[in-house]
Amino acid sequence: MEMLFPAGTQSRVPIAALTGTNGKTTCARMLSHILKMAGHVVGQTSTDAVYIDGNVTVKGDMTGPVSARMVLRDPAVDIAVLETARGGIVRSGLGYMFCDVGAVLNVSSDHLGLGGVDTLDGLAKVKQVIAEITRDTVVLNADNEYTLKMAAHSPAKHIMYVTRNPNHSLVREHIRLGKRAVVLEQGLNGEQIVIYDNGMQIPLMWTHLIPATLEGKALHNVENAMFAAGMAYALGKTLDQVRNGLRTFDNTFFQSPGRMNVYDAHGFRAILDYGHNEAAVGAMVELV
């Protein structure tokens, strides 16, 4: 055992788990792409399949504990990105004891009345489970009142806030204390994603350079990119690895099927999106 795992080396597969009402699948795909481009063999669970190193192994809604165990059991996998949905948590838990990096993207009205979850507060409690089992860095949406409150319930070493509002008073105070945040800021050239850590301001990239945001216009995908960047940074990836991943992830049917796929081949533009609740439809209306 000591030859396999010399002292001080990691003996467990690092787990990045994420949950939320909207954006989970896109964010998980973005993060997996960043990690794959950085040289990892990624095991990913999502609402359409289990992927090992980008290849589909099992099709179906794979966001529960069974699929998480499939990924963690695979000997080829050296990092896991687990999309975790409300249904699986309520039915049978997570399938793992803790994660290294956890993220809660947002909480809004969806699937209420299922599995004994009837209110937004109840839904937030279920999703808070991810924050409660995160060890290293928990990434939370500071623009959502439900996710903001979860910081108090997380034992994680670092709290990282994500906000589209550069004047967010709580996040500014958090940054002033030398803690972590990902902020969308206005620059000379448009909007840019900026990471704050340990008193440093680190400009990551302009949003219009991320293909999945349609030149920065799709703000919900800008937010997903901010979460993916924050999680990759927390997993120890370099800024260039994060940039490289986001620059090469687009919203074509091949990389992100069913999520804001744009078709221009018919003499008019068609956008296909799996927007199945109020917030998702609202985001598409804003984009259009």
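Before moving on, here are some points about what is shown:
- For M205, nonlocal amide neighbours, meaning residues 5 or more places apart or on other chains whose placed amide H falls under 5 Å from its own, are I193.
- Electrostatic bookkeeping for L31 treats Lys and Arg as +1 and Asp and Glu as -1; over the other residues with beta carbon under 11 Å from its beta carbon, the sum is +3.
- Listed by chain and number, the aspartates and glutamates placed with their C-alpha closer than 18 angstrom to that of K59 are D48, D74, E83; residues fewer than eight positions away on the same chain are left out.
- Entry note, the chain: relative contact order of 16 percent, from Cα contacts under 8 Å with a spacing of 6+ residues.
- Overall form of the stretch 55-175 per C-alpha gyration tensor (a/c, 1.5; a/b vs b/c): oblate
- Dipole magnitude for the chain: about 400 debye, using +1 per Lys or Arg Cβ and -1 per Asp or Glu Cβ, origin at the Cα centre.
- For the chain, the solvent-accessible area with a 1.4 angstrom probe is 47 square angstrom per residue.
- Averaging the Cα positions of each part gives two centres, and for the stretch 227-288 and the stretch 160-203 these lie 22 Å apart.
- Take 222-234, 58-70 and order them by the average number of nearby Cβ atoms within 10 Å per residue, most first; the result is 222-234, 58-70.
- Between the listed residues M150, A181, T213, the Cα displaced farthest toward the positive end of the dipole of the stretch 144-221, a dipole computed from Cβ unit charges relative to the Cα centre, is found at M150.
- Measuring nothing but how far apart in sequence close Cα pairs (under 8 Å, 6+ apart) lie, relative to its length, the stretch 54-180 scores a relative contact order of 19 percent.
- Taking the accessible area of the chain, probe 1.4 Å, and keeping the other protein chains in place, the carbon and sulfur fraction comes to 54%.
- Estimated FRET transfer efficiency (R69, H266; beta-carbon r; R0 41 Å; 0.05): 0.40
- Ellipticity estimate at 222 nm from DSSP helix runs (n ≥ 4, -39,500 (n - 2.57)) divided over the chain, nearest 500: -9000 deg cm²/dmol
- Over the chain, volume per residue of the alpha carbon convex hull, in Å³: 138
- Three-way shape label, the stretch 92-241, alpha-carbon gyration tensor, a/c 1.5: prolate
- Long-range amide H partners of N141 with built H, under 5 Å: V104, V162
- Using a cut-off of 27 Å between Cα atoms, the listed pairs K149/K179; K179/K217; K24/K237; K125/K157 include K179/K217 as exceeding that distance.
- Summing charges over all other residues whose Cβ lies under 10 Å from the Cβ of H153, with Lys and Arg as +1 and Asp and Glu as -1, gives +1.
- Neighbours of M62, meaning other residues whose beta-carbon lies under 15 angstrom from its beta-carbon, give a summed charge of +3 when Lys and Arg score +1 and Asp and Glu score -1.
- Phi to ³J(HN,Hα) by Karplus 6.51 cos²θ - 1.76 cosθ + 1.60 over the stretch 180-193, Hz, x for Gly, Pro: 8, 7, 10, 10, 8, 10, 7, x, 5, 9, x, 9, 9, 8
The values are calculated or read from the model by the stated rules, or taken from the named source; none is laboratory data. Since we're looking at a predicted model, the values are computed, not measured. Every residue, glycine as well, gets a Cβ built from its backbone with ideal geometry; the counts of neighbours run over all protein chains shown. Quick note on the areas: whole protein, heavy atoms, side chains included, nothing else; ligands and nucleic acids left out. Shrake-Rupley method; radii C 1.70, N 1.55, O 1.52, S 1.80 Å.
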